[in-house]
Amino acid sequence: MDQIVIRGGQRLKGRIPISGAKNAALTLLPCALLTDEPLTLRNLPRLADVDGFGHLLNQLGCSTTIEGSRPEDFGRVMTARTTTLTSTVAPYDIVRKMRASILVLGPLLARAGEATVSLPGGCAIGNRPIDLHLKALEALGAEIELASGYVKASAPGGRLSGGKFTFPVVSVGATENAVMAAVLANGSSILENAAREPEIVDLCNCLVAMGAQIDGIGTETLTIEGVDRLHGATYRVMADRIEAGSYACAAVITQGDVELVGAKASEMEATLAALREAGATVEETKAGIRVAMDGRAEPVTLSTAPYPGFATDMQAQFMAMATLGKGASLFTETIFENRYMHVPELARMGCDIDVRGRSAVVRGVDSLVGAPVMATDLRASMSLIIAGLAAEGTTEVNRVYHLDRGYERLEEKLQAVGADIERISAG
């Protein structure tokens, strides 16, 4: 199995291109199931999860082709076309590997009037039930049953009726599934307390480009007027705000100076505010965002929250950044109950972290020491990379398939800004 080896202590300086957003790409790909015309997605990141989702689409009858992409380039152009759905079943062997696979449920139900989707898998970061997905779809007219580990959904008469649903808590995935289901409903739908993440704005904008009628994009109330059919479109995937934030944390902990090319400040304001709280220089440039640090980071107090709050997907990276800070930082995780699995691995490198329930106190230490560590989930993996970049000696990060799910050619990007990092492939 591959591992990433880092010899720490190098200051990062230079430009890092930010890839297309993983979380947006995995939401845009199932839109190809909603039309029989081609959907072309540009700036699609080269990630294991994207490839996995493409395989799932193929199982359902969607043809996918990669165009105009060289191996040395970042990002790809994919055209997906579902002329005819050949199956409405998303099987366990694919869905178990990637939680985002549940996002085919809404599109299949909208177009075919039925769907059978395995209960999902993905990172082991806590309980992430899909009850809100199912309740929202029921409000739009679906009939749903759970049997043998599968969700079986159908639309009476072959088409959803539309309806109104208020999410009791904000859910990104459930909002995405409901939006994709509603665009072809036989009537209007209102989704209240909907998630407002930039990735959902990206989804809505793509659907509008395909002919959907959606009002309230970017707000907590989405009004969707169902249409008879959608057409094809060409759409560019937004830049990955989580990738950009991750490299920003790497710049801070190494007291570096990097420009995040393609990143948009308007999509990651909470992250940038937290970087400024830590004492970093943060400024917009013509090409993206510059993040620079002179000295050790100041203590931060952060609590994760739905957008526009501080993203749970940035918690582990900021925690790693704070391990070499000047004082004690306080983190509170409100989204997932088991998202501190990176803490024992960081402790192997000399970090001083005290976890108490949903809160964690990180006391800055004078130095970290490289060690063999094991990734437990996608963002935890990145926290170990960040710590390794600043540690004395060599850090070996194992189980890097987690990283390959969410960071496009990470070691190449870090090498280009001065990191001593390499991937060692298993023999």
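The values are calculated or read from the model by the stated rules, or taken from the named source; none is laboratory data. Since we're looking at a predicted model, the values are computed, not measured. All Cβ positions, glycine included, derive from the backbone under ideal geometry; neighbour counts span all protein chains shown.
Of all the numbered requirements in (1) touching a Leu at 6+ places or on another chain (Cβ under 7 Å); (2) part of a helix (DSSP H, G or I); (3) more than 30 Å from GLU392 (Cβ to Cβ), ALA250 misses one, and that requirement is (3).
Among the criteria (1) part of a helix (DSSP H, G or I); (2) modelled with pLDDT of 95 or more, the one ASP36 does not fulfil is (1).
Is at least one residue of segment 306-316 over 20 Å from the mean Cα position of the chain (by Cα) and at pLDDT 95 or above? Checked segment 306-316: no residue is over 20 Å from the mean Cα position of the chain (by Cα) and at pLDDT 95 or above. Please work out if ALA274 is outside any helix (DSSP H, G or I) and crowded, with 22+ Cβ neighbours inside 10 Å. Here the answer is no, as ALA274 does not meet what is asked. Of all residues in segment 277-313, those that are crowded, with 21+ Cβ neighbours inside 10 Å, free of Cβ contacts under 8 Å to residues at least 60 places away in the same chain and not in a strand (DSSP E or B) total 4.
Results for (1) in contact with a strand residue (DSSP E or B) (Cβ under 6 Å, 6 or more places away or on another chain); (2) among the β-branched types (Val, Ile, Thr); (3) free of Cβ contacts under 8 Å to residues at least 40 places away in the same chain; (4) outside the structural domain of ILE253 (by TED's automatic domain parsing), shown as yes or no for each residue.
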{"residue": "VAL355", "(1), (2), (3), (4)": "no, yes, yes, no"}
{"residue": "GLY364", "(1), (2), (3), (4)": "no, no, no, no"}
{"residue": "SER367", "(1), (2), (3), (4)": "yes, no, no, no"}
{"residue": "MET382", "(1), (2), (3), (4)": "no, no, no, no"}
{"residue": "ILE386", "(1), (2), (3), (4)": "no, yes, no, no"}
{"residue": "ARG399", "(1), (2), (3), (4)": "yes, no, no, no"}
{"residue": "ARG409", "(1), (2), (3), (4)": "no, no, no, no"}
{"residue": "GLU412", "(1), (2), (3), (4)": "no, no, yes, no"}
{"residue": "GLY418", "(1), (2), (3), (4)": "yes, no, no, no"}
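One residue alone among LEU330, LEU346, LEU302 is of a type in the set (A, V, I, L, M, F, W, C), more than 18 Å from the chain's Cα centre (by Cα) and farther than 25 Å from GLY8 by Cβ, and that residue is LEU330. Just one of the listed residues (LEU39, LEU108, LEU34) is more than 16 Å from ASP202 (Cβ to Cβ), surrounded by 17 or more Cβ atoms within 10 Å (Cβ to Cβ) and of a type outside the set (Ser, Thr, Tyr), and it is LEU108. Exactly one residue out of LEU222, LEU260 is in the same structural domain as THR83 (by TED's automatic domain parsing), assigned to a strand (DSSP E or B) and within 22 Å of the chain's Cα centre (by Cα): that is LEU222. Among the residues examined, LEU230 qualifies as part of a loop (DSSP other than H, G, I, E, B), at pLDDT 95 or above and more than 20 Å from ALA305 (Cα to Cα). Under the condition of being at pLDDT below 95 and assigned to a loop (DSSP other than H, G, I, E, B), which residue from segment 83-115 is farthest from the chain's Cα centre (by Cα)? For segment 83-115, the residue satisfying everything is PRO91.
Could you look through segment 137-153, keep only residues that are of a type outside the set (A, V, I, L, M, F, W, C) and over 11 Å from ALA181 (Cα atoms), and pick out the one that is surrounded by the fewest Cβ atoms within 10 Å (Cβ to Cβ)? It comes out as SER148. Screening ALA80 on (1) within 23 Å of ARG159 (Cα to Cα); (2) at pLDDT 95 or above; (3) outside any loop (DSSP other than H, G, I, E, B) shows it passes everything except condition (1). Restricting attention to segment 217-275, the residues that are over 20 Å from ARG196 (Cβ atoms) and β-branched (Val, Ile, Thr) add up to 7. THR84 fulfils the conditions (1) in contact with a Ser or Thr (Cβ under 9 Å, 6 or more places away or on another chain); (2) surrounded by fewer than 23 Cβ atoms within 10 Å (Cβ to Cβ); (3) over 29 Å from LEU132 (Cβ atoms) except for a single criterion, (1). In the set (1) of a type in the set (D, E, K, R); (2) touching a Pro at 6+ places or on another chain (Cβ under 9 Å); (3) farther than 23 Å from TYR307 by Cβ, ARG399 fails one condition alone, (2). Counting only residues that are of a type in the set (A, V, I, L, M), assigned to a helix (DSSP H, G or I) and surrounded by fewer than 22 Cβ atoms within 10 Å (Cβ to Cβ), segment 202-219 holds 2 of them.
Please tell me if ILE125 is modelled with pLDDT under 90 and either in the same structural domain as LEU203 (by TED's automatic domain parsing) or assigned to a strand (DSSP E or B) (or both). Yes; evaluated as a whole, the condition is true for this residue.
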